[in-house]
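Dropping a structure here in structure tokens format, bear with me for questions.
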Amino acid sequence: ATMPPLLSAIANAGRHGVLVKSAVVMERLGDVTRVALDKTGTLTEGAPRVAEVRVRAVGAGGWAGGGAGDGDGAGGGVGAGGGLGEDEVLALAAAAEHPSEHPLARAVVALAKERGLPVHAAEDFSSVPGRGVRAVVGGREVRVGSPLALLGGGVASAVGEVGAGGAVGAVREVEGAGRTAVVVLVDGVPAGVLGVEDRVRVGAGEAVAALGRLTGSAPVLLTGDNERAAEQLAGGVGITEVRAGLLPQDKVAAVREWEAAGEKVLVVGDGVNDAPALAAAHSGIAMGRAGSDLALETADAVVVRDELATVPAVVALSRRARRLVV
Ligand code: ADP
Ligand code: MG
């Protein structure tokens, strides 16, 4: 017997490196009118590295720090005036991040190991998707996460800046360089700001353009990361509509808003924070390699070969198969 078109399309998608979970999914992918892409781990490789570590400085109350890889040990000492040294902040952050599977957590742990720092066991670990983690390390409460979650409204206000002990200024500088700022609080006090860099995936711009052509609408970026890092990345891959600083439920709200307006949305994501949007959307595709288990289970299809070009390819396959189904 000849294979029904949707089944051959699934086999074909498999050859392209996408695992499509059912014929129904294969068929629905062809209806997509708008694509929403996640940033970290989806448009980027999801293998970020910590490029700088800033700590509350010795002395005058400013913030200092250097490139993570420069190895001059400038910030390695224990800061006077209550601040912790670069390595101390990094070791505490790595201990708290160790249980997390978030790409940023892996970057923090990787740098600590690279510097030969001990990664102590953490107790009472908890994480909030899209915000960060909390744990107790050696009797100290350590929180690592987004500036918005940990410095709150202070990120926007001059008053908060003073309240946050200058951390807000450090965050601004880090983000101004197009990096993702990760804040470290020790016992509730800002102790460090890490600047994290991630590379854009090869072929991301082409995939965005192809999805735009296929759906007839410009793909959008949905991210939990900060606006500046998001805009910088979006510009580089040809995305003009950006929604940044989103929590998992905000990504769902964006999807619902478009679907209420008659769109059929395809969400492409990788994280635990993307799972609710992957589930809520008309179609959801997860990036397999960097992807969290939850995203892989929730999505309708999984990119196994780690290339974004497979996403427009599978939409095109669905369209072709549907023309053959009568
Ligand atoms: P994206 O939507 O771009 O994939 P996420 O929603 O996963 O990003 O994360 C949003 C923001 O939350 C990150 O940019 C970071 O600031 C913060 N965050 C989330 N999880 C962690 C973590 N484990 N460690 C540090 N920061 C985190
Ligand atoms: Mg992500």
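Using a ≥ b ≥ c from the Cα gyration tensor of segment 196-302 (square roots of the eigenvalues), is it rounded, prolate or oblate, where a/c under 1.5 gives rounded and otherwise the larger of a/b and b/c decides, a/b for prolate?
rounded
Compute a Gaussian network model of the chain, connecting alpha carbons closer than 10 Å, and tell me which residue from Ala261, Ala299, Ala277 fluctuates the most.
Ala261
Using mean Cβ contacts within 10 Å as the protection proxy, how do 92-102, 25-35 order, highest first?
The most tightly packed comes first, giving 92-102, 25-35.
A further question follows. On the Cα set of the chain, report Rg and Dmax in Å, please.
Considering the chain through its Cα atoms, Rg and Dmax are 21.3, 79 Å.
FRET efficiency for Arg320 and Arg199, Cβ-Cβ distance as r, R0 = 35 Å, nearest 0.05?
0.60
Please give the per residue accessible area of the chain, computed with a probe of 1.4 Å over protein heavy atoms only, in Å².
Result: 42 Å² of accessible area for each residue.
Let me ask you something else. Taking 7 Å along the Cα-to-C-beta vector as the label spot, tell me the Val24-Val189 distance in nanometres, rounded to one decimal.
5.6 nm
Follow-up question, since we're still on this one. Using a Förster radius of 30 Å, what is the FRET efficiency between Arg256 and Asp124 based on their Cβ-Cβ separation? Nearest 0.05, please.
0.30
Further question: When we measure straight from the Cα of Lys113, which lysines land under 30 angstrom away, once same-chain ones fewer than 8 places off are left out?
Within the straight-line limit of under 30 Å, Lys113 reaches these lysines: Lys39.
Using only Cα atoms, tell me the angle between helix 167-176 and the longest principal axis of the chain; keep it within 0 to 90° and round to the nearest 10.
In the chain, helix 167-176 runs at an angle near 40 degrees to the longest axis.
Can you list the HN-Hα couplings for segment 106-112, worked out from phi with the Karplus curve (6.51, -1.76, 1.60; θ = phi - 60°), rounded to whole Hz and with x for Gly and Pro?
5, 5, 5, 5, 4, 5, 4
Would you work out the relative contact order for the chain, in percent, from Cα pairs under 8 angstrom that are 6 or more residues apart?
25 percent
When the accessible area of the chain is split by element with a 1.4 Å probe, what percent falls to carbon and sulfur?
54 percent
Nearest 10 degrees is fine. How inclined is helix 227-237 to the longest principal axis of the chain, computing both from alpha carbons?
Between helix and principal axis, roughly 40 degrees.
When you take every Cα atom in segment 115-272, what is the radius of gyration, and what is Dmax, the widest Cα pair distance, in Å?
Radius of gyration, then largest Cα-Cα span, for segment 115-272: 18.0, 55 Å.
For His120, enumerate residues with amide H under 5 Å from its amide H, sequence gap 5+ or separate chain, H modeled in the peptide plane.
It is Ala95, by chain and number.
The values are calculated or read from the model by the stated rules, or taken from the named source; none is laboratory data. Since we're looking at a predicted model, the values are computed, not measured. Every residue, glycine among them, receives a Cβ derived from its backbone with ideal geometry; neighbour counts consider all protein chains shown. Side chains are part of the model used for accessible areas, which takes the heavy atoms of the whole protein and leaves out ligands, DNA and RNA. Shrake-Rupley method; radii C 1.70, N 1.55, O 1.52, S 1.80 Å.
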